[in-house]
1. Residues of region 216-228 being assigned to a loop (DSSP other than H, G, I, E, B) and either of a type outside the set (A, V, I, L, M, F, W, C) or not assigned by TED's automatic domain parsing to the domain that holds Phe280 (or both), which ones?
2. Just wondering, is there one or more residues in region 323-345 that are over 18 Å from Pro395 (Cα atoms), of a type outside the set (A, V, I, L, M) and touching a residue at least 60 places away in the same chain (Cβ under 8 Å)?
3. Quick one: is Pro65 in the same structural domain as Asp156 (by TED's automatic domain parsing), on the phi < 0 side of the Ramachandran plot, loosely packed, with under 12 Cβ neighbours inside 10 Å and at pLDDT below 75?
4. Which residue pairs have Cβ atoms under 6 Å apart, sit 6 or more places apart or on different chains, and have a first residue in region 379-408 that is outside the structural domain of Arg179 (by TED's automatic domain parsing) and under 16 Å from Glu318 (Cα atoms) and a second that is assigned to a helix (DSSP H, G or I) and modelled with pLDDT under 95?
5. Give me the residue from region 117-161 that is at pLDDT 95 or above and β-branched (Val, Ile, Thr) and, out of that set, farthest from Leu290 (Cα to Cα).
6. Cys215 versus (1) touching a helix residue (DSSP H, G or I) at 6+ places or on another chain (Cβ under 6 Å); (2) closer than 19 Å to Leu82 by Cα: which is the lone unmet condition?
7. Out of all the residues in region 263-285, which are surrounded by 15 or more Cβ atoms within 10 Å (Cβ to Cβ) and out of contact with any strand residue (DSSP E or B) (no Cβ under 6 Å at 6 or more places or on another chain)?
8. Could you say whether any residue in region 229-245 is in contact with a Lys or Arg (Cβ under 7 Å, 6 or more places away or on another chain) and either part of a strand (DSSP E or B) or crowded, with 18+ Cβ neighbours inside 10 Å (or both)?
Amino acid sequence: MNSGDHVRVYQNDSSYEGILLPSPNDQYLILKLPGGYNVGISSEGASIELITAESDQLPTPETGPDDISNIIFDEDLPTISLITTGGTIASTIDYRTGAVTSQFDVTDILRSIPDLSGLANYRSKIVANILSENMTPSIWQDLAKAICEEIEAGVDGVIVMHGTDTMQYTAAAISFMIRTPVPIIFTGSQRSSDRPSSDNLVNVICAVEAAKSTCAEVLICMHSNDSDNHCSLHQATRARKNHTSKRSAFETIGNLPLGEVDYHTRRVTYRRAHHKRGEFKLSIQSNLNLNVELIKYTPGMDTNLIDACSDKSGIVIEGTGLGHVHTDFIPHLSSLIKNGTHIVMTSQCIEGRVCSRVYDTGRDLLNIGVIEGGDMLPGTAKVKLMWVLANTDDPSESMQTSLAGEITEPSRPWD
C-alpha cells in the first residue's frame, strides 16, 4: 500500500474507508475519510484492503504546447478557456501532511467534474499555481496577457479559477486592464474538493454558463446562499469577500448582484444594464504603478506611519465615516501631496460614500488636495490608483470617474 491509495481498513468489528496518508510510525494507520477528516487507527490487528491505487485515480492528461490542451471538441458548442491561478478550487490532498494543497492543473479539474462535459469545448492554461495570499501585481499582468491571448485565439468566454481570499483584487485589476468583447468570469471555492460540502462543482458549472452568456463584463461567480441552487454574478469592482468560510462569502456592495445563475436549470439572468458580447474590441493596458499603499486609519494612529509613505506615488486611506482622519494628520498629508503623492480617501463603512463637504475636517482634506473616492471599495481604489497612475494623465479626474463600474451614481441625496 502507498500513500494516496484508496483503501478499506478493518480493525476488530469496525471498518474505515478512505485515502491512506503517511504515518509518523508503524503503530498507526492514518486515513482521510470521505467527509474530509483524518482518523488514526491502531495498526495492531488491522488488515487493509486496496480499493483503488493512487496511480489509477488521477490519469495523466495529454497536454499540448504551453500547457494548453483541447479536452473535447463539438463544433456546435461554444469554446471556453479555463485559466487557473491555483487556490482552493484547484487543491487536492497533500499525502505528506494530510492537508490540502494547490496542485491541480485545469485538466485534472475537468476530469474531477464530469458534469462539465457537454456544456462547452474547453481550452486550459496555467498562469500560476499558488494560494491566493501569494498573489502579486506581476501575476495580474501575466493573467491579463494570458486572457487576451485566449480571446485572440477565438474563445467565446474565459473562466479564471482563483483563490477566494484575494480574488476581488485580481478581478478588479483585470477590469481596469482589459476591455473585453466576451465574458471574463472569476470563480473559486471556499471548501476543497475532498469535502462533501465543497462548492467547487456548483461554482464552476455556473461560471461556464455565465461565460457563455451575453454579458461582456469581468464578473465573480460564487454561491448565492448556503444551498446548492444559485450562484451570484458580482461585478468585479463592486464585490467583497465578507465571510471567512461560508460558501456565500461574496457580496455586491451597494446593490444586488448584477445577475445570477440557476444551477438546476442553467438559466442566466441579469438585473441591470451591462456591456454586451461584441460591444467592444479587445484591448489591454496592463501597466501598473506598484508604488501605492492602502492605509486603514484608526484612533490613536501614529502620524509617523503617514510620514513613512513620503516616497509613495499614491496612497489610499480607509478613513472613518464620511472619509475623515484626525486633524493632526492633515499637515502630514498636505506635505505628501505637495511632494507629488496622490492621496485618495475612502471609507471604512461597508455601505455609502465619502463626502468631504459636511464637516470641517472633510473640507480641510479637500482644500489640501485629497481626492474623494466616492463609494469605491478601498481595495478596488488601491488597484485602480495603481492602474490610473500608470495609464492616465489626470489621476485626480480619473479616480473620480467610474471606469469599470467601481463608482455608482447616488440614487438619493443621502447616499
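1. Kept after step one, since they are assigned to a loop (DSSP other than H, G, I, E, B), are these residues of region 216-228: 216-217, 224-228.
Hits for region 216-228 are Glu217, Ser224, Asn225, Asp226, Ser227, Asp228.
2. Looking for residues that are over 18 Å from Pro395 (Cα atoms), of a type outside the set (A, V, I, L, M) and touching a residue at least 60 places away in the same chain (Cβ under 8 Å), one finds none in region 323-345, hence no.
3. Numbers: in the same structural domain as Asp156 (by TED's automatic domain parsing): yes; on the phi < 0 side of the Ramachandran plot: yes; loosely packed, with under 12 Cβ neighbours inside 10 Å: yes; at pLDDT below 75: yes.
It is true that Pro65 is in the same structural domain as Asp156 (by TED's automatic domain parsing), on the phi < 0 side of the Ramachandran plot, loosely packed, with under 12 Cβ neighbours inside 10 Å and at pLDDT below 75.
4. That search, which allows pairs on different chains as well, returns nothing.
5. Among those residues, the one meeting the criterion is Val155.
6. Result: Cys215 passes all but (1).
7. Taking region 263-285 and keeping what is surrounded by 15 or more Cβ atoms within 10 Å (Cβ to Cβ), we get 263, 268, 270, 274-275, 277, 284.
Across region 263-285, the qualifying residues are Tyr263, His275, Arg277.
8. Taking region 229-245 as the starting set, the residues that turn out to be in contact with a Lys or Arg (Cβ under 7 Å, 6 or more places away or on another chain) are none.
Checked region 229-245: no residue is in contact with a Lys or Arg (Cβ under 7 Å, 6 or more places away or on another chain) and either part of a strand (DSSP E or B) or crowded, with 18+ Cβ neighbours inside 10 Å (or both).
The values are calculated or read from the model by the stated rules, or taken from the named source; none is laboratory data. No experiment lies behind these values; they were computed from the predicted model shown. Every residue, glycine among them, receives a Cβ derived from its backbone with ideal geometry; neighbour counts consider all protein chains shown.
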